[in-house]
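The block underneath contains the structure these notes are about, expressed in structure tokens.
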Amino acid sequence: MEPLIARAARDLLDADYAIALTGAGMSTESGIPDFRGPSGIWTRDPAAERRAYQSYDRFVLDPAAWWKERLAMRGSGRGWSEAEPNAGHYALAELEDIGILKAVLTQNVDGLHEKAGSKHVLEYHGSVVKLRCQSCGSRFPIDDYDLEEMARLGDLPPHCPGCAGVLKTDVVEFGEPIPSDVAMLSEDEARHCDLMLICGTSAVVYPFASLPALARERAGVTIIEVNAQPTPLTFGGASDYLIQGKTGEVLPAIVSRVHEHRRER
């Protein structure tokens with residue numbers, strides 16, 4: 001593994017525009033369970049998966065009822081705010097801070113990249129700590145709204161202070177389109193990068209999983225995987241090489257090597 005870590009550090013230092021793509025493998029190391037893994041939320045509770053597939057349709061039909069149901073469920077989003085970033089999150093934030101990493105594109109909805117200090121984060125599937133207007137697309141911190149009090153007073157759903165549109169959680173539900181601003185910016189980043197660092201994602205959830213293919217259209221792009229297991233990107237040759245291991249261990253090791261190589265240059 002050590003030669004690959006050194007190689008990744010050199011590739012990052014040689015890159016003009018490096019970005020990272022991250023998935024659930026980073027969040028599980030912060031104690032947030034995945035959905036379909038051996039101990040995943042839906043593995044343990046298949047009924048929850050069925051409800052998830054119906055959620056967006058229920059919101060469209062009756063936003064107030066959807067909000068009441070969401071607030072009555074455990075894990076509506078506030079509990080996730082107690083999770084803390086792990087060493088992998090901090091490593092990516094450090095790479096951005098020293099000017100190497102230009103953006104983090106994440107499937108995760110837990111807000112841990114921003115909590116770790118990353119500034120240019122595109123949350124492809126939204127965030128549990130934000131609300132999003134269904135009319136104008138504006139986003140607001142969920143803590144700006146006392147949703148429980150609004151439910152008690154019969155004031156659900158919450159509305160946008162700008163355009164009065166209906167607000168839902170920013171998390172993208174099944175059947176809900178990826179917000180156009182995030183989708184377009186993510187595609188732009190993928191096409192512009194000359195290095196893509198793929199961390200903790202199985203690369204099977206689309207359209208997010210199509211971003212490496214967009215990057216590969218650019219001549220000379222380097223795609224590096226940091227994953228516990230090989231993925232379709234590994235088997236299909238979309239990535240240049242795989243560093244197999246936990247992101248919370250591999251990414252800090254890469255950052256350490258980056259500092260070493262910078263001192264040597």
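The values are calculated or read from the model by the stated rules, or taken from the named source; none is laboratory data. Since the structure is predicted, the reported quantities are computational estimates derived from the model, not experimental observations. Every residue, glycine among them, receives a Cβ derived from its backbone with ideal geometry; neighbour counts consider all protein chains shown.
Here Asp170 fulfils each of the conditions (1) within 15 Å of the chain's Cα centre (by Cα); (2) under 24 Å from Leu101 (Cα atoms) apart from (2).
Set side by side, the residues Glu96, Glu148 differ, and just one is part of a helix (DSSP H, G or I), in contact (Cβ under 8 Å) with a residue 24 or more places away in the chain and either of a type in the set (Phe, Trp, Tyr) or not assigned by TED's automatic domain parsing to the domain that holds Asp188 (or both), which is Glu148.
For the range 220-228, the condition holds for no residue, the condition being that it is buried (at least 17 other Cβ atoms within 10 Å of the Cβ), modelled with pLDDT under 95 and of a type in the set (Gly, Ala, Ser). Leu211: surrounded by 19 or more Cβ atoms within 10 Å (Cβ to Cβ), in the same structural domain as Tyr124 (by TED's automatic domain parsing) and modelled with pLDDT of 95 or more, yes or no? For Leu211, the condition - surrounded by 19 or more Cβ atoms within 10 Å (Cβ to Cβ), in the same structural domain as Tyr124 (by TED's automatic domain parsing) and modelled with pLDDT of 95 or more - is met. Filter the range 108-156 for residues that are polar (S, T, N, Q) and surrounded by 22 or more Cβ atoms within 10 Å (Cβ to Cβ); which is nearest to Lys168 (Cα to Cα)? Among those that are polar (S, T, N, Q) and surrounded by 22 or more Cβ atoms within 10 Å (Cβ to Cβ), it is Ser127.
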